[in-house]
Amino acid sequence: MAEEMRIVLRNLGKVDPLNVDTYIQAGGYQALAKAKSMSQTDLIEEVKRSGLRGRGGAGFNTGMKWNFSYSAASDQKYVICNADEGEPGTYKDRIIMENDPQSVLEGMAICGYAIGANKGYIYCRGEYPYVVEILNKAIAQASEKGLLGDFDIEVRMGAGAYVCGEESALIESIEGKRGEPRFKPPFPPVIGLWGKPTIVNNVETFANIPAIVEKGADWFKGIGAASYPGTKIMTLTGDVVNRTFVEVPTNTTIRQVLDDFGGGIAGGKKFKAVQIGGTSGGFIPESLLDTPIDFDSMAAIGATLGSGAFFVMDETRDIVDVIDRISKFFAHESCGKCTPCREGTQRLHEMLHKMKNGTAVAGDLDLVERLGTVMSRACLCGLGQAAPAPILTTLKHFRSDYTGKFN
Amino acid sequence: MADYREIIGTYKEVPGGIIEAYHAVQNEYSYIPEDAVDYAAQIFNIPKAKAYGVATFYSYFKVGSRGKNVIRICESAPCHIAGADKVVAALEKELGIKMGETTSDGKFTLEFAECVGQCQATPVITINSKPYEDVTAEKIAAILAEYK
Ligand SMILES: Cc1cc2nc3c(=O)[nH]c(=O)nc-3n(C[C@H](O)[C@H](O)[C@H](O)COP(=O)(O)O)c2cc1C
Ligand code: SF4
Ligand code: FES
C-alpha cells in the first residue's frame, strides 16, 4: 500500500487560510527569514540542488530558471504565480490556495528576494473568484504584519482562456492584451512582463519552496524519483471509486495511485484507460500502469505527468467519443495566432467527429496521424503541439476502438 | 446599477487594467455593453479594434447583452463522461431555451464552459460562477429555484 506524503499540502487542515497567525504558529515565514540570511546566489544554488522541477507541466529546473532572471541586469524584475489552472480535470492549485494561501505567498517572496524583484502577480483563473477573495485577504494580512517585507503582491484574474496558462500568453494578458503566446526566444526570465526579467512558476512549485528552504536541498532530493524529486499532487476524476486529490512521492506508480488512493474502478467494472496530465496528456493502457508518475518515466512511455490530472475511464467508455470531445476543446481554445494550430485543431475535430459518427473511412486514420505529427512539430506553442497527443496515443493503444466504427 | 463609465474609470491608472475593468463591468451587468468597450478604448487610450479584440478573446466575457443569471455547463471530458449532456437536456427543458439562448424574461442564459476546476464532483455547472457539484437532471429545479 503506497502512502501519501504531504509537503505542498503540509498545512492542509492545520492552518486557517483566513488567519495568518495560524500559519505563523505552524512555522510560517521562517523560511523567508532563513532565505534572506543567505546570499542570493547561495539561495538559488540550494533550490537548484534540491532538483525541484516546475509543477506546471514543463518540468524545468526551478533554481536554474531563477538564475536566468537573477543574472539579467534590470532596474525592475517580476515574479508571477501561474494560477490559471485551465487544464481540464485539474484542481490541485485551487486546493493549495484555498487551504494554505500563505505558503504560496511565502514561496513567491523567497523567489523575489532570490532574483531581486519587489513586485509579484498571481494570475488566477476567472473561474475561481472565491479563490481570488481568499488570496486578497491573505495578502492583506501578510502585508499588514510586514511579513512580505518590501515585496508587493497583486492578484489578476484570467477570463476563461486556456492558452493563458502558457507563460508568455499569461504575460500578455496581465499587460491587458489578447492572450496570445509570444515568439521565443527571448524567454520570460530575461524579457518578460513589460519587457523585464520575469519568473513564472506554478502554484505548486511555489508552495514547495518554503519547505525546501527550511529543510534543505538534501532532504528534498532524497524524496521520490531521483530525476524529478519531491511529491506531486494528483487529481483523480472519472470512473474511480474515490474522486479525490492525493499528494504522493514521485516514484509512486500509476497503478498505486489508481488502486491504493482511487480505490480502483467504480461500479465493479474493468479498467480501460487513464489520461494523465490533463486534456493534452497521452492515454495509458493497462499494460503500462506500473510506470512511476515522475516526469521522465512518463515521457519514456510517450505520456506526460503534466498538471497531475488523472482521468480514469472504465471498459464501457467509447474512446472515440471522448477524443471527439477533447478535439473540440482544442478547436475552441486555439488562439489562432499560428496556422498549423488554428487550422489543424479545426480539421482534427471535423475528422474525429466523422469517426465518432461512423462516416470516416480507413484512410482518414492516416490523415489524422499525419496532421497530428505535423502539428506537434510546427505549432508555435505547447497548446497546438500537444493537441494531437490524445489522438496519437489512442491510435496507438486503442486503435480497434476507431476501426470498429468503420462500416 | 453603477455606470460603466464610473467602473472603468477607476482602472485608468492600473497597468494593463482593461481586463480588470471588464471583469468589474461584467460583475455589475452580467455582460459588457458594447458602449462600454468603446469607452474602455478611450480610457486606456487604445484603438477601438484593440479594445474589442481583448473583450472578445476571452470566453468569460460576453460583449452585448445576456441574462441576469449566467448558467454555464462544463463539457470537458470528465464532466462529459459523467453525463453533462443529460444536465444540458434538463436545463433546456426546464427553462424552455436552447444552449446559448436567454429566457424571454431576461433571467437566465445557458452557456457551455470548459473545466471549471471542480472535477471531484462531476458533472458540474456554475451559476454566476458559483459551482454546483454532482448535478443530475433531478436536482435542476431545486437549484434554479434559488434564482427565481
Ligand atoms: C497551453 C498551455 C497551458 C498551460 N497552462 C498552465 C497552467 O494552467 N498552469 C501552469 O502552471 N502552467 C501552465 N502551462 C505551463 C507554463 O507555460 C509554464 O511552463 C509554467 O507556468 C512554468 O512554471 P513551473 O516551472 O513552475 O512549472 C501551460 C502551458 C501551455 C503551453
Ligand atoms: S499553437 Fe495554437 S494556441 Fe499556440 S500560438 Fe499557435 S494558434 Fe495559438
Ligand atoms: S471537468 Fe468539469 S469541472 Fe473539471
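The values are calculated or read from the model by the stated rules, or taken from the named source; none is laboratory data. As the structure is a prediction and not an experimental result, all values here were calculated from the model. Note: ideal-geometry Cβ built from the backbone for every residue, glycine included; neighbour counts use all protein chains shown. Quick note on the areas: whole protein, heavy atoms, side chains included, nothing else; ligands and nucleic acids left out. Shrake-Rupley method; radii C 1.70, N 1.55, O 1.52, S 1.80 Å.
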Exercise for the section: Provide a whole-number value for the mean count of partner chain Cβ atoms within 10 Å of the Cβ atoms in peptide B:54-64. Expected result: 5
Fill in the blank from the handout: For the pair A:LYS396 and A:SER71, the simple spin-label estimate (label points 7 Å beyond Cα toward Cβ) gives in nm 3.4 nm
Exercise for the section: Could you calculate the FRET efficiency of A:GLU315 with A:LYS354 from 1/(1 + (r/R0)^6), where r is the beta carbon distance between them and R0 is 41 Å, rounded to 0.05? Expected result: 0.95
Handout entry: Label-reachable residues, the stretch B:72-86, where backbone N falls under 19 Å from a point 7 Å from A:GLU133's Cα toward its Cβ
Key = B:72
Handout entry: For chain A, accessible area per residue (1.4 Å probe, heavy atoms of protein chains only), Å²
Key = 35 Å²
Exercise for the section: Could you work out, residue by residue across B:130-136, how many beta carbons of other chains sit within 10 Å of that residue's beta carbon, and then give the average as an integer? Expected result: 1
Fill in the blank from the handout: Filtering chain A for DSSP H helices with an axial alpha carbon extent of at least 18 Å and a Kyte-Doolittle mean of at least 0.0 returns A:101-115, A:129-144, A:203-215, A:319-333, A:362-378
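Could you quote the convex hull projected area for the stretch A:117-183, Cα atoms only and averaged over all directions, in nm²? Spell out each step's value before the answer.
Working: hull surface 19.6 nm².
Result: a mean projected hull area of 4.9 nm².
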Problem - For chain A, built as a Gaussian network whose Cα springs stay under 10 Å, the top-fluctuating residue of A:GLY89, A:GLY264, A:GLY149 - result: A:GLY149
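Taking 27 Å as the cut-off for C-alpha to C-alpha distance, list the pairs among A:LYS196/B:LYS62; A:LYS269/B:LYS93; A:LYS270/B:LYS93; A:LYS145/B:LYS12; A:LYS269/A:LYS354; A:LYS196/B:LYS50 that go past it. Please report the intermediate quantities before stating the final value.
Details: A:LYS196/B:LYS62 32 Å; A:LYS269/B:LYS93 32 Å; A:LYS270/B:LYS93 35 Å; A:LYS145/B:LYS12 29 Å; A:LYS269/A:LYS354 29 Å; A:LYS196/B:LYS50 23 Å.
Flagged as over cut-off: A:LYS196/B:LYS62; A:LYS269/B:LYS93; A:LYS270/B:LYS93; A:LYS145/B:LYS12; A:LYS269/A:LYS354.
Can you give the FRET efficiency to the nearest 0.05 for A:ALA299 and A:ALA378, using r as the Cβ-Cβ distance and R₀ = 25 Å? Please report the intermediate quantities before stating the final value.
Details: r = 21 Å, r/R0 = 0.82.
With R0 = 25 Å, the Cβ-Cβ based efficiency is 0.75.
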Fill in the blank from the handout: Stokes-Einstein, Kirkwood over Cα pairs, the stretch A:41-179, 20 °C, 1.002 mPa s; D in µm²/s equals 138 µm²/s
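Ordering A:LYS232, A:LYS145, A:LYS270, A:LYS48 by accessible area with a probe of 1.4 Å, largest first, what comes out?
Details: A:LYS232 0, A:LYS145 105, A:LYS270 140, A:LYS48 65 Å².
Greatest to least solvent exposure: A:LYS270, A:LYS145, A:LYS48, A:LYS232.
How large is the Kirkwood hydrodynamic radius of the stretch B:4-57, in angstrom, based on all distinct alpha carbon pairs? If you can, show how the numbers build up before the last one.
On the way: mean 1/r = 0.0943 Å⁻¹.
One over the average 1/r among Cα pairs gives 10.6 Å for the stretch B:4-57.
Determine, from the Cβ-Cβ distance of A:TRP194 and A:THR244 and an R0 of 35 Å, the FRET efficiency 1/(1 + (r/R0)^6), rounded to the nearest 0.05. Let's see the in-between values first.
Working: r = 40 Å, r/R0 = 1.15.
Efficiency for this residue pair is about 0.30.
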Handout entry: Computed accessible area, B:GLU92, all protein chains, 1.4 angstrom probe, square angstrom
Key = 40 Å²
Exercise for the section: With +1 on each Lys and Arg Cβ and -1 on each Asp and Glu Cβ, and nothing else charged, work out how big the dipole of the protein assembly as shown is about its Cα centre, in Debye to the nearest 20. Expected result: 800 debye
Exercise for the section: Provide the solvent-accessible area of A:SER143, counting protein heavy atoms only and rolling a 1.4 Å probe, rounded to the nearest 10 Å². Expected result: 70 Å²
Handout entry: A:ASP152 paired with B:ASP35, simple spin-label distance in nm, labels 7 Å along Cα-to-beta-carbon
Key = 3.5 nm
Exercise for the section: For n ≥ 4 DSSP H runs only, could you compute -39500 (n - 2.57) per run for chain A, divide by its residues and tell me the 222 nm figure to the nearest 500? Expected result: -13000 deg cm²/dmol
Fill in the blank from the handout: Rounded to whole angstrom, the alpha-carbon centroid of the stretch A:339-401 lies from that of the stretch A:29-59 at a distance of 40 Å
Practice task
Express the carbon and sulfur contribution to the solvent-accessible surface of chain B as a percent, rounded to the nearest whole number, probe 1.4 angstrom.
Solution key: 50 percent
Handout entry: Whole-Hz couplings from phi, Karplus 6.51/-1.76/1.60, listed for the stretch A:303-311; x for Gly and Pro
Key = 10, 9, 7, x, 7, x, 5, 9, 9
Fill in the blank from the handout: Whole-Å distance linking the alpha carbon centroid of the stretch A:311-326 with that of the stretch A:107-156 is 39 Å
Problem - Solvent-accessible ranking of A:ILE323, A:ILE191, B:ILE43, largest area first, probe 1.4 Å - result: A:ILE191, B:ILE43, A:ILE323
Fill in the blank from the handout: Hydrodynamic radius by Kirkwood for chain A, inverse mean 1/r across distinct Cα pairs, in Å, is 21.7 Å
Completion exercise
Restricted to the protein assembly as shown, the DSSP antiparallel beta bridge percent, nearest 5, is 45 percent
Handout entry: Shielding by partners - mean other protein chain Cβ count within 10 Å, residues of B:99-111
Key = 0
Practice task
Please identify which residues in the stretch A:125-169 have an amide N closer than 18 Å to a label point set 7 Å out from the Cα of A:PHE60, following the Cα→Cβ vector.
Solution key: A:163-169
Handout entry: Length released on extending from A:GLN25 to A:ALA362, taking residue separation times 0.36 nm less the Cα-Cα span
Key = 114.9 nm
Handout entry: Area accessible to solvent at A:SER327, 1.4 Å probe radius, in Å²
Key = 10 Å²
Practice task
For A:ASN118, put the label point 7 Å out on the Cα→Cβ axis and report which residues of the stretch A:181-206 keep their amide N under 19 Å from it.
Solution key: A:193-199
Practice task
Give me the orientation-averaged projected area of the Cα convex hull of the stretch A:319-403, in nm², one decimal.
Solution key: 4.6 nm²
Problem - 5 angstrom amide H check on A:ILE153, placed H, neighbours 5+ away - result: A:GLY120
Problem - Cysteines having no other Cys beta carbon under 4.7 Å from their own, within chain B - result: B:CYS115, B:CYS119
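Counting only protein chains, not ligands or nucleic acids, how are A:LEU52, A:LEU147 ordered by accessible area (probe 1.4 Å), most first? Numbers along the way, then the final one.
Details: A:LEU52 0, A:LEU147 40 Å².
I get A:LEU147, A:LEU52, largest accessible area first.
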Practice task
Once every Cα of the stretch A:225-314 carries one equal point scatterer and solvent is ignored, give the base-10 log of I(q)/I(0) from the Debye formula at q = 0.17, 0.26 Å⁻¹, two decimals.
Solution key: -0.59, -1.46
Exercise for the section: Taking the Cα atoms of the stretch A:40-108, report the difference between the largest and smallest coordinate on each principal axis, in whole Å and largest first. Expected result: 37, 25, 19
Completion exercise
Distribution output for chain B: share of Cα-Cα pairs per 10 Å bin in percent, first bin at 0, values 11, 37, 28, 19, 4, 0
